[in-house]
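A.B. asks: Below you will find the structure I want to go over with you.
The values are calculated or read from the model by the stated rules, or taken from the named source; none is laboratory data. The shown structure was predicted, so the numbers you read here are calculated from the model rather than taken from an experiment. When we count neighbours, we look across all protein chains shown, and the Cβ atoms used for this are built from the backbone with ideal geometry, even at glycine.
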Amino acid sequence: MSPKIKNITNWNNYPIVSANEWSFNYPEEIPSIIGQKSAAFIARGNGRCYGDASLSDNIISTLKYQYILSFDPVNGTIECQAGILFKDLIDFLLPKGWFLPVTPGTKYITLGGAVASDVHGKNHHKEASFSEHIISMEVMTADTRIHIVSKEQNADLFEATTGGMGLSGIILSVKFYLKKIETAYIIQQQIRTKNLEEVIEKFEEYKDYTYTMAWIDCLKIGKNQGRSVMFAGEHAELNELSASRKKDPFKIKPGKSLSVSFNFPSFALTKLSVRAFNQLYYSTHRTKKNMIIDYDSFFYPLDSISNWNRMYGKNGFLQYQFVLPLSDGSKGLKKILNRISEKGRGSFLAVLKMFGKQESLISFPMEGLTLALDFPISTGIFEFLNELDAIVADHGGRIYLSKDARMNKDFYHETYKNAGQFRSIINKYNNDSKFESYLSRRLNIHGK
Amino acid sequence: MKVLILGATSDMARALANLLAEKKYDLILASRNVGRLKAFAGDLAIRHNNKAELVEFEATDYASHQNFYKNLPFRPDWVISFFGYLGDQKLAQKDWTESRKIIDSNYTGMVSVLNIVAEDMETRKHGVIVGVSSVAGERGRQSNYMYGSAKAGLTAYLSGLRNRLHKSRVHVLTVKPGFVATKMTENMDLPKSITANPEQIAKGILKGIKKKKNTIYVLGAWRGIMLIIKSIPESIFKKLKL
């Protein structure tokens with residue numbers, strides 16, 4: 001059957017590529033899709049990465065492959081097909097007293113995408129990234145064989161699949177551990193800090209909290225550089241809820257949902273508007289302890305504004321998320337903040353997070369500080385981000401492949417120390433490198 | 001409420017089964033290849049705590065239909081039939097086997113099984129029969145008249161059935177979805193504003209049953225579109241590239 005040719009782009013609307021899109025209901029259908037061409041294929045979930053990781057000449061959508069295969073309510077494990085959305089998982093799990101072990105800031109991602117990006121959440125410092133909670137997976141490689149992989153079985157393929165950006169094969173199903181919860185609520189501590197030093201101290205002070213992250217004002221200079229609002233949270237226990245909420249502890253009020261129904265014009269996002277927004281945000285978020293808020297507002301504040309990506313206009317935007325090692329302290333981070341404020345390239349959404357220890361083949365996290373910034377695509381942005389890359393590399397850091405649409409291959413090979421080993425594993429299982437993306441070509445991940 | 005879904009592997013059928021499972025209906029899912037429904041049935045059991053029965057059903061094995069219906073795990077209150085085959089128009093023009101397959105899957109098979117269902121419901125004076133036909137059946141067009149003519153036959157059959165069963169209080173609903181984003185239409189470039197998703201069709205069918213509708217298009221725009229298409233004089237219509 002001939003596929004559908006369409007223009008496809010991910011969440012940041014850059015790049016837009018013309019591709020054949022295929023889908024499947026049963027794994028038996030995949031061999032006839034990938035077998036008929038020598039061309040490159042890549043699996044794609046819900047398109048929430050920020051770049052070209054799930055874009056290729058031929059795209060295999062996993063969205064129809066989305067059933068729950070097994071659920072163990074005693075031991076808290078679940079096995080699902082890779083196309084299921086985190087939202088659907090939560091809708092199913094939450095009323096039964098279970099939650100995802102790790103979640104990023106949107107629930108509109110697929111399980112397969114979560115594994116391919118090895119996503120992290122606000123609990124990375126305590127509970128690591130998603131791959132840490134996987135029991136086993138099924139992965140189809142280019143020869144159309146289905147491999148069962150885990151930390152014990154076919155461990156090399158497991159490692160090259162978690163964080164492997166879909167280059168090791170098609171993730172079919174994933175079995176993983178869940179987190180037991182008593183309520184749908186989070187007890188949140190909101191702490192306003194004057195500058196970068198103080199927020200780093202606060203991360204240290206609140207490190208026993210399961211969830212921590214901070215919004216940071218990246219335009220402020222001088223003694224208030226890096227002023228922040230840090231959030232720390234714990235799942236609320238039943239006895240911590242008010243009497244009325246106790247009756248139905250897993251039910252939350254549907255929040256207000258907003259929608260951005262058109263692309264904003266480019267003048268909407270300027271240094272001035274970002275500065276004004278930052279001032280407003282900072283002044284309205286004073287230190288406030290023991291607030292009880294629902295999980296949706298805590299984990300997914302942006303999901304309540306559908307199509308918020310349109311705020312960045314039709315040209316799209318770039319997200320820049322890097323991590324710098326703990327040993328670097330705040331040195332590299334300060335240099336980057338200086339560069340941003342010098343150039344006046346502010347970001348509405350600047351999110352700072354402390355990562356815990358993680359040893360992995362190709363996943364993004366390492367122990368240290370990570371900052372995520374959004375920049376509209378405008379004149380000079382690519383050159384500017386190259387300058388930031390140089391600082392990140394100098395200080396021993398790297399950037400997140402799922403958020404990348406523009407870094408160059410030398411920077412990738414320099415900062416991902418296991419790039420060579422990753423390449424040899426994906427090539428071992430996929431002789432003719434059937435699975436390629438615009439990202440993998442741009443970064444020469446296959447080493448051709 | 002007990003429901004039999006024929007052709008249950010289709011995207012629309014699954015969307016409806018999912019909706020009904022959530023509402024705690026008892027389901028029989030019938031399909032040529034029940035192996036392909038196992039993961040789906042497992043999902044319904046886990047997600048909605050609803051154990052659907054799976055039964056083999058071959059639409060074009062007419063001789064098997066009596067026994068198929070007689071041996072069902074329970075008598076259905078509703079029978080909802082989705083099966084059909086779009087086929088390849090160009091191939092069918094030259095190849096009788098393809099033409100025959102299109103006619104049999106969309107029309108003959110439907111008549112064979114619904115005859116049996118109708119007899120049973122007429123005796124019981126109770127039931128709902130839903131047949132999924134198509135707007136393609138409203139006027140023959142060169143691009144898909146094999147499929148369209150079989151669906152036209154089905155639409156006329158369902159209308160006759162409705163007329164016959166009215167006095168027995170059996171409700172017959174004809175569904176004429178326009179474009180639906182499904183497996184069958186995956187390689188077509190369909191205009192978004194008039195393309196329904198399977199979930200919309202499922203909700204539309206349920207609403208059509210509850211409101212005792214005779215014919216539904218689900219997306220209202222299609223009623224207007226088809227009105228226009230039907231009102232073009234044949235002398236002009238025959239010259240169009242449709």
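A.B. asks: I want to confirm something. Restricting to segment A:353-408 and keeping residues that are among the charged types (D, E, K, R) and in a helix (DSSP H, G or I), which single residue is surrounded by the fewest Cβ atoms within 10 Å (Cβ to Cβ)?
C.D. replies: Once the filter is applied, the top-ranked residue is A:383.
A.B. asks: Quick one: which helices (runs of 4 or more DSSP H) sit completely within segment A:75-176 and have at least 3 residues that are touching a Gly at 6+ places or on another chain (Cβ under 8 Å)?
C.D. replies: A:111-116, A:124-127
A.B. asks: Condition check: surrounded by 13 or more Cβ atoms within 10 Å (Cβ to Cβ), in contact (Cβ under 8 Å) with a residue 24 or more places away in the chain, away from every other protein chain (no Cβ under 13 Å) and of a type outside the set (Val, Ile, Thr). Does residue B:183 satisfy that?
C.D. replies: Taking the combined requirement at face value, the residue does not satisfy it.
A.B. asks: Does segment A:303-317 contain any residue that is in contact with a Ser or Thr (Cβ under 8 Å, 6 or more places away or on another chain) and hydrophobic (A, V, I, L, M, F, W, C)?
C.D. replies: yes
A.B. asks: Taking only segment B:18-40 into account, find how many residues are among the aliphatic types (A, V, I, L, M) and closer than 17 Å to residue A:88 by Cα.
C.D. replies: Of the residues in that region, 3 qualify.
A.B. asks: Answer yes if at least one residue in segment B:50-71 is polar (S, T, N, Q), more than 18 Å from the chain's Cα centre (by Cα) and surrounded by 17 or more Cβ atoms within 10 Å (Cβ to Cβ), and no otherwise.
C.D. replies: yes
A.B. asks: Exactly one condition in (1) surrounded by 15 or more Cβ atoms within 10 Å (Cβ to Cβ); (2) within 14 Å of chain A (Cβ to nearest Cβ); (3) at pLDDT 95 or above is false for residue B:91; which is it?
C.D. replies: (1)
Residue by residue, here is whether (1) among the hydrophobic types (A, V, I, L, M, F, W, C); (2) under 30 Å from residue A:201 (Cα atoms); (3) in contact with a Pro (Cβ under 7 Å, 6 or more places away or on another chain) holds:
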site: A:228; (1), (2), (3): no, yes, no
site: A:238; (1), (2), (3): yes, no, yes
site: A:247; (1), (2), (3): no, no, no
site: A:258; (1), (2), (3): yes, no, no
site: A:261; (1), (2), (3): no, no, no
site: A:279; (1), (2), (3): no, yes, no
site: A:285; (1), (2), (3): no, yes, no
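A.B. asks: Still on this structure, please answer the following. Return the residue satisfying two criteria in turn: it lies in segment A:425-444 and is farther than 29 Å from residue A:391 by Cα and surrounded by fewer than 21 Cβ atoms within 10 Å (Cβ to Cβ), and of such residues it is modelled with the lowest pLDDT.
C.D. replies: A:432
A.B. asks: Sticking with this one: Assess whether residue A:78 counts as being aliphatic (A, V, I, L, M), within 30 Å of residue A:5 (Cα to Cα) and within 13 Å of chain B (Cβ to nearest Cβ).
C.D. replies: Criteria not met by residue A:78.
A.B. asks: Name the residue that is farthest from residue A:65 (Cα to Cα), counting only residues in segment A:1-19 that are among the hydroxyl-bearing types (Ser, Thr, Tyr) and away from every other protein chain (no Cβ under 14 Å).
C.D. replies: Checked segment A:1-19; the qualifying residue farthest from residue A:65 (Cα to Cα) is A:14.
A.B. asks: Shifting gears a bit: Tally the residues that are under 21 Å from residue B:181 (Cα atoms) and within 14 Å of another protein chain (Cβ to nearest Cβ), restricting the search to segment A:20-59.
C.D. replies: The qualifying residues number 12.
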